[in-house]
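The values are calculated or read from the model by the stated rules, or taken from the named source; none is laboratory data. Bear in mind the structure is a predicted one, so any value in this text is a computation, not a measurement. Heads up, the Cβs are rebuilt from the backbone with ideal geometry, glycines too, and the neighbour counts pull from every protein chain shown.
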Amino acid sequence: MKQRRLALAGLLAAVLVLLMACGKSSASSIVNTMNNQPAMLLPNAGLADTAPAPEAPPTEAPEYRFTDRSLHEDYVHEDGTLLAYVDYGWQALEVANPDALSTADRELAERNVETFNARLEELFSTAKANGEVASYAREVYDYEKEQTIGLPYCEEASSETTLCGSVVSVRQNFYYNTGGAHPNSTTGSLTFDLTAAQFIAPVQIADDPGGFHAGAAELLIQKADGMGEQYTAGYWPDYRDVIQLWDTSAAVLFDADGMTVIFSPYALGPYAMGSVELRLSCGELSDLIGPGGMEKLGWAVEAVALEEAE
């Protein structure tokens, strides 16, 4: 009996070992089977790496343009006599492609338009508000009664605007007839920097404003001395001192080929001499203005080199 019990116990132990071995094998097989199956893809898995990125909206450089503005006002006496008139013309700055600009470029362009137009509007439209020439004409007319010789008095103003690289040069032409021995005229200028949205002094275009001021003054004096006796004989004794202050005593205009400095009548000589215009080319100014100033004005180095070679 004891032997049967031992045999039965051994048989049970063997069966138990066999079952445990089979269970381990089955679990291992299941794991191996899962590892050998292709991975299941989650919805949209991998699409971020393969789908094309959305295209950025196209951006362009600001395209600036100028449109004409004008103001005309007649001042008439109660009896119908035209006493005086003002006739002003100027340009307003606009951006032709605002929708194609980046946010930063659009904000800068808007500042340019606002700043530039406010200044020009102020300069060229004040005549309607003050009417000084009309007031003076009325006093003269009332004093002289029916004497209308010399009337109507007038103020006329016009402007010419040139875009040179990122610099806007505005020439202002003024003409006055207020009953003197002869009419008078003056020429002024403004310089506007589109990269900074502000008006600047002409010398601020250069990398070294002080060096530009002094060097250009020397060249301008040489130009004035070389204009011929019909000019040099009539200059005021201190004309060189006036030219030394060219950036504040004259109109300064930049264009694609160089710089023009215009001294109004009476600045360098008597009224009969008229305006005196002195011209300096890109080549003459390149070293004084420097690489940064040349780039700002859009003056190509190659063009200057060609000019110097000629």
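At-a-glance table
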{"item": "Y235 farther than 29 Å from A300 by Cβ and not assigned by TED's automatic domain parsing to the domain that holds L151", "result": "yes"}
{"item": "Residues within the range 78-92 that are in contact (Cβ under 8 Å) with a residue 40 or more places away in the chain and either in contact with a helix residue (DSSP H, G or I) (Cβ under 6 Å, 6 or more places away or on another chain) or in a strand (DSSP E or B) (or both), tallied", "result": "10"}
{"item": "Filtered residue count, the range 88-111, keeping only those that are surrounded by 19 or more Cβ atoms within 10 Å (Cβ to Cβ) and under 9 Å from E60 (Cα atoms)", "result": "1"}
{"item": "Number of positions in the range 252-294 that are without any contact (Cβ under 8 Å) to a residue 24 or more places away in the chain, crowded, with 19+ Cβ neighbours inside 10 Å and either over 16 Å from Q222 (Cα atoms) or not assigned by TED's automatic domain parsing to the domain that holds P209 (or both)", "result": "2"}
{"item": "Considering residues of the range 134-162 that are in contact with a Lys or Arg (Cβ under 9 Å, 6 or more places away or on another chain) and surrounded by 18 or more Cβ atoms within 10 Å (Cβ to Cβ) only, the residue modelled with the highest pLDDT", "result": "T161"}
{"item": "Any chance A181 is modelled with pLDDT under 95, outside the structural domain of V140 (by TED's automatic domain parsing), over 26 Å from the mean Cα position of the chain (by Cα) and not polar (S, T, N, Q)", "result": "no"}
